[in-house]
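Student: Below you will find the structure I want to go over with you.
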Amino acid sequence: MSTPPESSQGLPVGRRIKYNWDFTRIKTAGRRNTLGCLMLNWLASKQSGPSRLGVVVSRRVGNAVVRNRAKRLMREVFRRNQAKIPGAFDLVLIARSSIQRRSYAAVERDFMDVLRHARILG
């Protein structure tokens, strides 16, 4: 039997990257790392406070159902693991087409691995 879902709190608005200029700034001034089904662009935030997340899923990944599932998976992985990220970072996760065949556990493993490779985690 699967574990019961945690209370649906979602990702607060203050922890989301929503504006195009933020995505562009992180892409141009930040760094990039790719591992598994995820590509990570990151930049140390100039503001103190929690890390923020932006999510990008191209139409190449799949139809709308597949893209929305990928976005939900990436947001949930960040939400559950954001306390493990020391400092304040602006993170942009970009889904690769292999995400459509991945479970939550596999996406979470790729997320943690890409953070380690980026030296965001210890």
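Student: Can you tell me which residues in segment 96-109 are closer than 21 Å to R59 by Cα and under 14 Å from the mean Cα position of the chain (by Cα)?
Tutor: Correct list: R96, I99, Y104, V107.
Student: Out of all the residues in segment 9-38, which are within 14 Å of the chain's Cα centre (by Cα) and among the polar types (S, T, N, Q)?
Tutor: Scanning segment 9-38 gives N33, T34.
Student: A further question follows. Name the single residue, out of those in segment 70-122 being of a type in the set (V, I, T) and crowded, with 19+ Cβ neighbours inside 10 Å, that is nearest to L38 (Cα to Cα).
Tutor: So in segment 70-122, the residues of a type in the set (V, I, T) come out as 77, 85, 92, 94, 99, 107, 114, 120.
Now drop any that are not crowded, with 19+ Cβ neighbours inside 10 Å, which leaves 77, 92, 94, 99, 107, 114, 120.
Values: V77: 12, V92: 10, I94: 6, I99: 8, V107: 8, V114: 8, I120: 15 Å.
So, considering only residues that are of a type in the set (V, I, T) and crowded, with 19+ Cβ neighbours inside 10 Å, the one nearest to L38 (Cα to Cα) is I94.
Student: Another question, then. In segment 33-58, what residues are among the charged types (D, E, K, R) and loosely packed, with under 14 Cβ neighbours inside 10 Å?
Tutor: Initially, segment 33-58 is screened for residues among the charged types (D, E, K, R), giving 46, 52.
Once the filter is applied, which keeps residues that are among the charged types (D, E, K, R) and loosely packed, with under 14 Cβ neighbours inside 10 Å, segment 33-58 yields only K46.
Quick note: the coordinates plus some simple rules give every number you see, no bench work behind them. Predicted, not measured: the structure shown is a model, and the values here were computed from it. Don't worry about glycine lacking a Cβ; one is built from the backbone with ideal geometry, like all the others, and counts go over all protein chains shown.
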